[in-house]
Amino acid sequence: VFEHFYFRQLLTNVVVAGQNVRFDLAFIMATFKRLGIEPPDGLDRHLYDLSTLALEHLKPWLNSVSLPQIAKALGVKVEESRLHNSLYDVELTMKCAAILQRAGWLKRLWWSYIVPRRLAARPKKGTF
């Protein structure tokens with residue numbers, strides 16, 4: 001019973017952040033259901049999603065919103081052998097989110113030039 005209380009308290013008044021965070025949230029909500037306890041109010045509304053942020057800034061050039069694709073577009077070095085390691089994925093997500101979060105119009109203009117070259121792809125027609 002104490003573990004159930006602790007699990008709920010751990011996720012009270014937090015913002016769930018990550019890459020494709022709705023996917024992770026589904027597991028969290030399933031755990032609450034399995035334990036038979038109510039999730040904290042607003043847990044499913046307080047989200048910070050790298051995929052959404054990347055689409056806002058980089059939509060015309062991304063073929064997918066995978067973490068390696070976003071990192072490559074932003075010029076963040078990706079160590080392929082470390083992908084899908086939880087701690088490494090968190091570090092990579094934080095680096096990408098920090099870059100996107102601070103981006104103003106000048107950075108977005110720069111990305112319109114550099115991102116297609118980084119990804120070696122043309123922007124999709126009729127976007128951005």
- Task: Within the stretch 37-128, report the trypsin sites (Lys or Arg not before Pro) that DSSP leaves as loop and that have at most 16 other Cβ atoms within 10 Å.
- Result: 45, 77, 102, 124, 125
- Query: For the stretch 28-72, what is the charge dipole size about the Cα centre, in debye to the nearest 20, if Lys and Arg each add +1 at the Cβ and Asp and Glu each add -1 at the Cβ?
  - Reply: 200
- Message: In the stretch 1-69, if the dipole is taken from +1 on Lys/Arg beta carbons and -1 on Asp/Glu beta carbons about the Cα centre, which of 68, 48, 11 is farthest to the positive end?
- Response: 68
- Taking the chain on its own, what percent of its Cα-Cα pair distances exceed 26 Å? 34
- Using θ = phi - 60° and the Karplus form 6.51 cos²θ - 1.76 cosθ + 1.60, what ³J(HN,Hα) does each residue of the stretch 21-31 get, whole Hz, x for Gly and Pro? 5, 4, 4, 5, 4, 4, 5, 5, 5, 5, 5
- Item | Under 5 Å, built H, 5+ apart or other chain: amide partners of residue 48 | 16, 17, 18
- Karplus-derived 3J(HN,Hα) from phi for the stretch 8-20 (6.51 cos²θ - 1.76 cosθ + 1.60, θ = phi - 60°), whole Hz, x at Gly and Pro, runs 5, 5, 4, 10, 8, 6, 10, 10, 7, 10, x, 9, 6
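Below 8 Å between Cα atoms, with a sequence gap of 6+, how large is the relative contact order for the chain in percent?
Details: 110 pairs, mean separation 32.6, N = 128.
Once divided by the residue count of the chain, the mean separation gives 26 percent.
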- Please state the charge dipole magnitude for the chain, taken about the Cα centre, from unit charges on C-beta atoms (+1 on K and R, -1 on D and E), reported in debye and rounded to the nearest 20. 840
- Note on the structure: Taking the chain, the lysine pairs whose C-alpha atoms sit under 24 Å apart (8 or more places apart or on different chains) add up to 15
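Every number in this text was worked out from the coordinates using simple rules, so none of it is lab data. Predicted model, so just to flag it, every value in this text is computed and none were measured. Every residue, glycine among them, receives a Cβ derived from its backbone with ideal geometry; neighbour counts consider all protein chains shown.
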